[in-house]
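Readers should treat all values here as calculations from the given coordinates under stated rules, not as data from a laboratory. Everything numeric in this text was worked out from a predicted model, so none of it was measured. Glycine also receives a Cβ, built like all others from the backbone with ideal geometry; neighbour counts cover every protein chain displayed.
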Amino acid sequence: MLKQELTQQMIDYFDGDVPRVNHALKVLGFALAIAGIEGLDSRQLEIVEIAAILHDIGIVNAEKKYHSTAGNYQEIEGPPVARQMLEKHELPEETIERICFLIGHHHSYTKIDGIDFQILVEADFLVNIFEDKMSDVAIKSMRDKYFKTKTGFSFLDKLFM
């Protein structure tokens with residue numbers, strides 16, 4: 001029920017912005033698939049799922065404050081919004097902290113420090129490749145630099161290589 005409520009909150013927050021809602025839901029789908037195949041435990045799976053739902057939640061305030069959707073601004077603005085949403089639910093503080101960390105760093109690829117973070121990044125890349133119509137050269141570079149999970153490689157190769 002928690003994930004469904006957070007999905008509703010995300011949809012309400014994006015206030016009719018269909019492309020952003022679709023992006024979040026596509027990232028969620030890839031993240032769940034990768035996490036399931038990679039065998040994450042239930043706690044890690046919950047963190048990945050919630051972080052995927054809310055990963056771009058800072059984009060609204062980034063546009064308002066900085067007139068930009070740049071990743072660094074999303075990382076600044078996302079965690080406070082996510083925390084406000086998450087604190088309405090009975091989640092352990094360490095879970096909220098981890099989700100906010102992932103949201104606050106999901107464009108900072110050198111800070112990847114766990115399988116949950118890795119999966120979020122790979123899922124976001126898989127969606128961005130298609131949405132941004134990335135070149136083959138950019139895809140190969142991304143693959144070589146940032147993909148680590150066997151499932152992420154498999155999805156990327158089957159879909160885009």
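Summary of values
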read-out: Taking GLU90, GLU5 and counting other C-beta atoms within 10 Å, the order from fewest to most; value: GLU90, GLU5
read-out: Signed unit charges on C-beta, dipole axis of the range 1-69, positive-most listed residue GLY36, MET10, SER68; value: SER68
read-out: In Å, descending, principal axis extents of the Cα set of the range 2-160; value: 40, 38, 27
read-out: Residues of type lysines that LYS88 reaches as a straight line, Cα spacing below 30 Å, ignoring anything fewer than 8 places off in the same chain; value: LYS3, LYS26, LYS64, LYS65, LYS111
read-out: Separation of the ALA70 and TYR109 label points, Cα + 7 Å toward Cβ, nm; value: 1.8
read-out: Relative contact order for the chain, counting Cα pairs under 8 Å that sit 6 or more residues apart, in percent; value: 24
read-out: Shape parameters for the range 72-161, alpha-carbon atoms, Rg then Dmax in Å; value: 14.7, 45
read-out: Residue order, fewest to most beta carbons within 10 Å, for ILE119, ILE37, ILE59; value: ILE37, ILE59, ILE119
read-out: Where labels lie 7 Å past Cα in the beta-carbon direction, separation of ALA138 and LEU25 in nm; value: 2.5
read-out: Note, ³J(HN,Hα) from phi for the range 75-88, Karplus 6.51, -1.76, 1.60, rounded to Hz, x at Gly and Pro; value: 5, 6, 7, x, x, x, 5, 4, 4, 4, 5, 5, 5, 6
